[in-house]
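Working notes for the structure below.
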Amino acid sequence: MNVLVALSITGTHFKATGDHSTQRMSSDLQQDCEQEGHQPEEMVLEDLLEEYKQLLEQKKALEMRVHKSEERRRALMHILSDLNTVNRKLNDQRKAMIHILADYEQDRRRLARQTERLDNSRRALMHILQDSHQSNLRLENSRKAMIHIMSDRGGTTARAGVTREAGTTCASR
């Protein structure tokens, strides 16, 4: 059940629609005005103007709060966007680091195999050099033995030649 309340204040009509509570508020306001000795229309106008000012202040305060909240929301959205960008960059860097570490591990294994092959080649070369040195020592010993044999034979041959000469000379004598 809607009730139309019309108040006439300096030629302006304020209309309010409501139920029984609106009627009660209107009658309570009129009773308060009569008890205080004011005219209902004057009191209603003053009260309405005061309430209107308060409502404007509240509206302004609420608009400021909404505006500040909107600015905070926008700032938070920018922060979240920046965090998302940073997270993507960090993820890309992490993936790059994983690839770098995998390449490093492959290089390390390749170098380890190469080092092992070089070490084996060095050992083989050392054995070859040792064998060559031993062969050189044997050759030197063989050479010395040949020289010794030749010198012994040469001395024998020289003595034999002297005795042969002596024998021929002796025989010829």
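Since every read-out is calculated from the coordinates, none of them should be taken as a lab result. If you're wondering where the values come from, they're calculated on a predicted model, not measured in any experiment. Please note: Cβ atoms are built from the backbone with ideal geometry, for glycine as well, and neighbour counts cover all protein chains shown.
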How do the peptides 130-136, 43-49 rank, highest first, by the average count of neighbouring beta carbon atoms within 10 Å per residue? 43-49, 130-136
Can you tell me the FRET efficiency between Ala61 and Lys89 if r is taken as the Cβ-Cβ distance and R0 is 41 Å, rounded to the nearest 0.05? 0.45
Distance in nm between pseudo-label sites at Ile149 and Glu50 (7 Å out along the Cβ direction from Cα): 14.4
